[in-house]
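Asks: This is the structure I want to talk about, given as structure tokens.
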Amino acid sequence: MLDLCAGRAAFRQSSVDREDYSSIVSVLDVIKCPAIRIDRNGSVLAVSAKASKLFDGELFVRGQHLYVTHYQSRIKLEELLNRVRLASDSQEGFASQVVIHRSDRRPIVIEAIWQDWACKSSLCDTGALLLLTDLSEMPVISQISLMEIFGLTRVQAHLARLLVMGKSLKEIAREMNISAGTARNHLKAIFVRTATKRQGELISLLSRLR
């Protein structure tokens, strides 16, 4: 399926009612996109299932507050939450990012998206949606999707999936128990079916799929 998490720009561009926004976390939960909804004071209101799986001793929620142990990352996150507070007061939408560093893994990028509500009452629960991207997570491409979208054979789709996962053609040939020459021939056929010419271009294309 298409990477629906990549459609986050739509939240910045479209007008979202308060009632609709309150259900966005549930929607992102269904499409397996890590998300946290916070109010104007930075208190956590909802966490998607996939976001909760990213929590550990370095990034976690306690008492409706999002905590980060890395000092510089914690300062950056607090600056971002302050922007949410200021935006809520000024009724100006914005999108901004912070990088959360971890000791033994690649960072998590947190993007905050805030939009003005149709309701202007001080009682309205304005806030922001935090979208999380785990840079250590390897993309998982559906083999069936590759076969249906590009007309790849089962073997070609398997090889393409392994390329997106970061494996070299030599490693793939060994894993699939085929010769390096056969692997190259499959890759050439994949190039033709996907209208690409280089591995980098192919991986960029396939990474848009989930």
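Asks: Which one of these does Arg12 not meet: (1) open to solvent by 60 Å² or more (accessible area, probe 1.4 Å); (2) touching a Ser or Thr at 6+ places or on another chain (Cβ under 9 Å); (3) modelled with pLDDT under 90?
Replies: Unmet for Arg12, out of (1) open to solvent by 60 Å² or more (accessible area, probe 1.4 Å); (2) touching a Ser or Thr at 6+ places or on another chain (Cβ under 9 Å); (3) modelled with pLDDT under 90: (2).
Asks: Name the residue that is modelled with the lowest pLDDT, counting only residues in region 45-66 that are touching a Lys or Arg at 6+ places or on another chain (Cβ under 9 Å), crowded, with 20+ Cβ neighbours inside 10 Å and not hydroxyl-bearing (Ser, Thr, Tyr).
Replies: Val47
Asks: For the list (1) within 19 Å of Arg208 (Cβ to Cβ); (2) surrounded by 19 or more Cβ atoms within 10 Å (Cβ to Cβ), I need the number of the one condition that Ile144 fails.
Replies: Going through the list (1) within 19 Å of Arg208 (Cβ to Cβ); (2) surrounded by 19 or more Cβ atoms within 10 Å (Cβ to Cβ), Ile144 breaks only (2).
Asks: Quick check: is even one residue across region 157-170 more than 27 Å from the chain's Cα centre (by Cα) and surrounded by fewer than 16 Cβ atoms within 10 Å (Cβ to Cβ)?
Replies: Yes: one or more hits.
Asks: Looking only at region 171-210, which residues are of a type in the set (S, T, N, Q), within 20 Å of the chain's Cα centre (by Cα) and open to solvent by 50 Å² or more (accessible area, probe 1.4 Å)?
Replies: Listed by number, the list holds a single entry, Ser204.
Asks: Something else now. Among (1) in contact with a Lys or Arg (Cβ under 9 Å, 6 or more places away or on another chain); (2) modelled with pLDDT of 80 or more, which single condition is Cys5 missing?
Replies: Cys5 satisfies all of (1) in contact with a Lys or Arg (Cβ under 9 Å, 6 or more places away or on another chain); (2) modelled with pLDDT of 80 or more except (2).
Asks: Shifting gears a bit: Output the number of residues of region 103-143 satisfying the condition of being within 30 Å of Gln156 (Cα to Cα), among the β-branched types (Val, Ile, Thr) and at pLDDT below 90.
Replies: The number of residues fulfilling the criteria is 2.
Asks: Condition check: at pLDDT 85 or above and either over 21 Å from Leu28 (Cα atoms) or touching a His at 6+ places or on another chain (Cβ under 8 Å) (or both). Does Thr69 satisfy that?
Replies: Considered against the rule, which asks whether it is at pLDDT 85 or above and either over 21 Å from Leu28 (Cα atoms) or touching a His at 6+ places or on another chain (Cβ under 8 Å) (or both), Thr69 comes out as yes.
The values are calculated or read from the model by the stated rules, or taken from the named source; none is laboratory data. If you're wondering where the values come from, they're calculated on a predicted model, not measured in any experiment. Every residue, glycine among them, receives a Cβ derived from its backbone with ideal geometry; neighbour counts consider all protein chains shown. The accessibility values were calculated without ligands, DNA or RNA, using every heavy atom of the protein model including side chains. Shrake-Rupley method; radii C 1.70, N 1.55, O 1.52, S 1.80 Å.
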